[in-house]
Structures are given as C-alpha cells and as structure tokens.
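Visitor: Sharing a structure, written as structure tokens. Questions coming.
The values are calculated or read from the model by the stated rules, or taken from the named source; none is laboratory data. From a predicted model like this one, the values you see are computed outputs, not experimental measurements. Virtual Cβ from ideal backbone geometry, glycine too; neighbours counted across all protein chains shown.
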Amino acid sequence: MAVTSICSNLSSPRLTFKVGALRFNGSRNGRRCAVPGVVQASLKQPEGNINDSIWKLAGTAAVLSAALCLTPPAMADLNKYEAAAGGEFGNGTAQQYGEADLRGRDFHGEDLRRSNFTAADCRSCNFKDAKLQGAYFIKSVVPNANFENANLSDVLMDRAVLNDANLRNANLQRTILTRSDLGGADIYGADFTNALVDKTQQIALCRYADGTNTETGVETRKSLGCGSRRKFRESSPSNPEGPQVAEEEKKAFVKSMPIYRQ
C-alpha cells in the first residue's frame, strides 16, 4: 500500500521493487502488479525537475514499506523450536526449559550441560546419571527430584528449592547454592568441594553428612568443611572475615575446571 501510494504521487515513468518471489511495479497511470521475481531493487529516476532528495526518500520509503509488509513474523514460532536450540554460543548441549512445567519428567542419563532450568517446576523429576555441568537452576523448584550420580559441577542453583531431593553421590563441585533450601536432602556421598553453601545450610547438612563420592573419592563431610572453622568462615561469598585463598588453591581450582571448548 505504501509503495504504490508513493509511486502514484511521483511523476515517475517506472519504479520496480522485488522482494523474495514478488515483484512490485508502479507507473504513472497507477497500475500495479505482483509477479514472480528475484531479490533485487531498481529505481529509474524520472525525467524532469524533481528534487533528488525527494526521489531518494521515496525509494527508501518504498524499500522499507515492502520489507515491513512482507517480512514474516520471525518470533511467532520461536518458542516452538526453542527447546531444541543449540548450546549457548555454540558451547555445550544447552536446552531451554526456563519457567517450564516439567513435573515428573524423566531426564535419566541425558546430556544437559549448560541447559537452562531457571524458575522451572522440576518437582519429582529424574536427573539420575545426567550430565548437568554448567546448567542453570536459578530459582528452580526441584523438591523430591532425583540427582543421584548426576554431575552438577559449576551449576548455578541459587535460591532453589531442593527439599527432600536425592543428591546421593552427586558431583556438586563449585556449585552455587546460596540462599537455596536443602532441607531433608539426601547428600550421602555427595561432593561439595568449593561449592558455595549458606552457613546455616552448611551447619544443617553437617549434622548428618556421610559417605564418600565414588567418582571423585572425596568424603562428603570433608567437602562441606564439617568441623573446620576455616571452612565455616569461608562459606559465605565475599566474607571479609574469612582468610584469603592461597595461590596453590587457586591453581588447583582452575585446573579442576572442565574444558567445554578447545
């Protein structure tokens, strides 16, 4: 509509614009048609005294109008394919489940590295033996979920609800669990090495922590720092009262980090 009105207002012998499979023609007599064509645009400046700036403006408006009219709604089907999207910046096998209702879903043994479960309802989900390195469980609701033998290293799981979750023999190295509720969680054999756990949660977990992780060989109580005043002081992120981390520990931390991409 915008293209043809511009053409008819100009004393132009010819204006042609092609987008995709449609070609739009305009002439001074107002005739218009759409026929198969290819992607190209051609403007023939009319003879006579017509201002160049007006002609350029008209051509630009014609191009923009056609683009707006013919461009399909790209966002319409985005959510339809979002769950099957590739990894974040091409890394990992990220899946998108943000705010999704996943109650009771079975993810047993799946590769879900860097997947997004932010604010998702994962009550009673089965993540046994799943690869979840670098995943996002921020504000997720995962009570009674099964994470037995799952790799949860480098996971962002702050402000999550993990009541009565099964974390037996899970790898939680460097996992962020600040302000999360782990009340009643089964942590037998879980490895919390370098994980960030609130002091109150740490004290509660140490009351019954036991076992040794079969993959890392680390004792659960040792990984939680149970009985260690130094670990308790370091449990809160950026705690100014805690001692500084030694250079050897920093190097060991960097060395233990997984490599997602060479």
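Visitor: Do we have Arg159 as under 19 Å from the mean Cα position of the chain (by Cα), basic (Lys, Arg) and either surrounded by fewer than 19 Cβ atoms within 10 Å (Cβ to Cβ) or not in a loop (DSSP other than H, G, I, E, B) (or both) here? Spell out how you get there, then give the answer.
Guide: On the way: under 19 Å from the mean Cα position of the chain (by Cα): yes; basic (Lys, Arg): yes; either surrounded by fewer than 19 Cβ atoms within 10 Å (Cβ to Cβ) or not in a loop (DSSP other than H, G, I, E, B) (or both): yes.
When the stated conditions are applied, Arg159 passes them.
Visitor: If you don't mind, there's one more thing I want to ask. Output the residues belonging to the range 200-253 that are at positive phi and at pLDDT 90 or above.
Guide: We begin by selecting, within the range 200-253, every residue at positive phi; these are 211, 217, 225, 227, 238.
Within the range 200-253, Gly211, Gly217, Gly225 meet the criteria.
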